[in-house]
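J.: Here it is, the structure in full.
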Amino acid sequence: MNKIVAFSKRKGFIFPSSEIYGGFSAVYDFGPYGVELSNNVKAEWWKAMVQTREDIVGLDSGIFMNPKIWEASGHVSGFSDPLSECKDCHARLRVDHLLEEAGIFADEKMTEDEINKLFSKNVKKIKCPSCGKSNFTEARKFNLLVKSNLGNFTGSWADEPVYLRGETCQGIYVNFRNVVDSTRVKIPFGIAQIGKAFRNEITARQFIFRTREFEQMEMQYFISPSEEMKEYEKLRKYRWKYYLNLGFKEENLKWHKHENLVFYAKEAYDIEYKFPFGFKELEGVHARGNYDLTQHSKFCGKELNYTDPISGEKYIPHIIESSVGVGRTVLAVLTESYTEEEIDGEIRVVLKFPKKLAPVKVAILPLMKNKEELVKKAKEIFNNLKLKFNCEYDETGTIGKRYRRQDEIGTPYCLTIDFDSLENNDVTIRNRDTMEQKRISINELEGYLFKNLNE
Ligand code: GAP
């Protein structure tokens, strides 16, 4: 993990937030290659969850919403984690995580009293991860919603705080009616959105795995009550296949079934990924019953039901969801791709990204930078290819160093322009994974890259 954190900073993937001011914990910035990677992650998700699905449409709702939404969803009263402070070093800690480390499972639904009983019964087995002592305050439930001071001047909610959204799916639920009325969707159908969410996470360790500001990719699928479990199984299979298509090894993924469900849920599974710190949740796939639309209907006073156009049956749609973080996917992709290989006694670091996720697809390298004809030809190729693929032009350092630099950021192909290129109108194309080099005519380059980058 330490290697990935240091590497991500050194190579311009992920920077700690506000670093020159001493940092800002649990927020990270994507650097020049990180933003390309996360954009590609989002584009692949959007393709799989919206563009190739006739039954799913997209949405982009606001981060600020009417505060009543968070009351209706249960976040104001119930979206909390148990917090304790170490009396010696003042580290703020999540009690459920401390218990988990000691092999004790704390149910999400436990009251403050129940969790405190469990905590004090087992406290001897638990050490503070910061100072190693065992001297804690009582646990108290800490709400994760982030409040803003956005001016809140009119409306019945004028005295309530406006929150930064804690999950993107609430924006989907409250637009259910708008989407049904403005498009031709018929149940079963889904609404998908990608966007920022904010949570007052108590502990923020493990790099971009758990941050206070993060992006979610969520799809909510609206179905008739009788179809819920059938559609849920279909969605689970679809999401599993999605990760295999994205290049994840199947042995690095596993299902985790939630044993203690919230009262409205029918079933809940997580897809876990083998991060450097063990198997942990990557995505949640949940069958939520009709809780969400029922709650919003109750709180807003409007009917949020659906009439089947064929049978005439009227009901409040049930919802199954797929929800995954962009940052968590990026961390999984970095973990999956980071490779060290020994080549001629030296370590080659190479990010073996699936080609569709690679930040740079093609690097264009003139053999020497002080030979005008080579630079001119290389720039010609670069200016043509950059319209089709994300390309990088690099003329500094030996060709070997430039190959290594591209290997480190996971560029699938390098093109070298040498003196033969001027004679024969061809270039050397080098494959990142096999390091194989071959000559290819410049006229055939575009077709070759299209075919091989999209395989
Ligand atoms: N709408 C359901 C929902 O938000 P969740 O399990 O709280 O469910 C879904 O979050 C996904 O969002 C997680 O599986 C994870 O990928 C991502 N996520 C949640 N909290 C996060 C955090 N603090 N930092 C980064 N990603 C987070």
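J.: Any residue that is within 16 Å of the ligand (Cβ to nearest atom) and over 23 Å from Lys249 (Cα atoms) - is there at least one of those in segment 296-315?
T.: Yes - at least one qualifying residue is present in segment 296-315.
J.: Determine whether segment 99-110 contains at least one residue that is in contact with a strand residue (DSSP E or B) (Cβ under 6 Å, 6 or more places away or on another chain) and in contact (Cβ under 8 Å) with a residue 12 or more places away in the chain.
T.: no
J.: Here's another thing I want to ask about it. Run Phe277 past the list (1) free of Cβ contacts under 8 Å to residues at least 12 places away in the same chain; (2) out of contact with any strand residue (DSSP E or B) (no Cβ under 9 Å at 6 or more places or on another chain) and report the number of the one that doesn't hold.
T.: Failed condition: (1).
J.: Name the pairs whose Cβ atoms lie under 9 Å apart, with the first residue in segment 212-224 and under 18 Å from Val179 (Cβ atoms) and open to solvent by 10 Å² or more (accessible area, probe 1.4 Å), the second within 13 Å of the ligand (Cβ to nearest atom) and not basic (Lys, Arg), and 6 or more positions between them or separate chains?
T.: Close Cβ pairs satisfying both conditions: Tyr221/Ile191; Tyr221/Ile319; Tyr221/Ile320; Tyr221/Glu321; Tyr221/Ser322.
J.: For segment 136-166, which residues satisfy the criterion of being at pLDDT 90 or above, surrounded by fewer than 16 Cβ atoms within 10 Å (Cβ to Cβ) and farther than 16 Å from Pro82 by Cα?
T.: Matches in segment 136-166: Lys147, Ser148.
J.: Okay, next question. With the requirement that a residue be touching a strand residue (DSSP E or B) at 6+ places or on another chain (Cβ under 6 Å) and open to solvent by 40 Å² or more (accessible area, probe 1.4 Å), what does segment 342-361 give you?
T.: The answer is Ile347, Lys352.
J.: Mind counting the residues in segment 322-333 that are assigned to a strand (DSSP E or B) and within 6 Å of the ligand (Cβ to nearest atom)?
T.: 3
Here's the yes/no breakdown for (1) assigned to a loop (DSSP other than H, G, I, E, B); (2) in contact with a strand residue (DSSP E or B) (Cβ under 6 Å, 6 or more places away or on another chain):
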site: Ile191; (1), (2): no, yes
site: Asn200; (1), (2): yes, yes
site: Lys234; (1), (2): no, no
site: Lys237; (1), (2): no, no
site: Tyr269; (1), (2): no, yes
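J.: I need every pair where a residue in segment 399-423 that is farther than 15 Å from Val375 by Cα and open to solvent by 30 Å² or more (accessible area, probe 1.4 Å) has its Cβ under 8 Å from the Cβ of a residue that is among the charged types (D, E, K, R) and part of a strand (DSSP E or B), sequence separation at least 6 or different chains.
T.: Arg404/Arg348
J.: Also, I was wondering about something else. Restricting to segment 355-387, and then to whatever is in a loop (DSSP other than H, G, I, E, B) and closer than 28 Å to Thr335 by Cα, can you tell me which residue is farthest from the chain's Cα centre (by Cα)?
T.: Top of the filtered list is Lys361.
J.: Next up: With the requirement that a residue be open to solvent by 60 Å² or more (accessible area, probe 1.4 Å), of a type outside the set (A, V, I, L, M, F, W, C) and farther than 17 Å from Ser337 by Cβ, what does segment 3-41 give you?
T.: If the condition is that a residue be open to solvent by 60 Å² or more (accessible area, probe 1.4 Å), of a type outside the set (A, V, I, L, M, F, W, C) and farther than 17 Å from Ser337 by Cβ, then Glu19, Tyr21, Gly22, Ser25, Tyr28, Asp29, Pro32 are the ones that fit.
J.: Now for a different question. Regarding segment 416-427, can at least one residue be identified that is in a loop (DSSP other than H, G, I, E, B) and of a type in the set (Val, Ile, Thr)?
T.: No, segment 416-427 contains no residue that is in a loop (DSSP other than H, G, I, E, B) and of a type in the set (Val, Ile, Thr).
J.: Where residues in segment 167-203 are within 14 Å of the ligand (Cβ to nearest atom) and among the charged types (D, E, K, R), which of them is surrounded by the fewest Cβ atoms within 10 Å (Cβ to Cβ)?
T.: The qualifying residue surrounded by the fewest Cβ atoms within 10 Å (Cβ to Cβ) is Lys196.
J.: Shifting gears a bit: So, of the residues in segment 260-290 that are open to solvent by 20 Å² or more (accessible area, probe 1.4 Å) and near the ligand (Cβ under 10 Å from one of its atoms), which turns out to be farthest from the chain's Cα centre (by Cα)?
T.: Among residues in segment 260-290 that are open to solvent by 20 Å² or more (accessible area, probe 1.4 Å) and near the ligand (Cβ under 10 Å from one of its atoms), the one farthest from the chain's Cα centre (by Cα) is Arg288.
J.: Please go through segment 209-221 and give me each residue that is touching a Lys or Arg at 6+ places or on another chain (Cβ under 8 Å) and more than 7 Å from the ligand (Cβ to nearest atom), ordered by number.
T.: Matches in segment 209-221: Glu213, Glu215, Met217.
The values are calculated or read from the model by the stated rules, or taken from the named source; none is laboratory data. Only a predicted model underlies this, so the values are computations on that prediction, with no experimental measurement involved. Reconstructed Cβ throughout: ideal geometry from the backbone, glycine too, with neighbour counts over all protein chains shown. The area values use the complete protein model at the heavy-atom level, side chains included, leaving out ligands, DNA and RNA. Shrake-Rupley method; radii C 1.70, N 1.55, O 1.52, S 1.80 Å.
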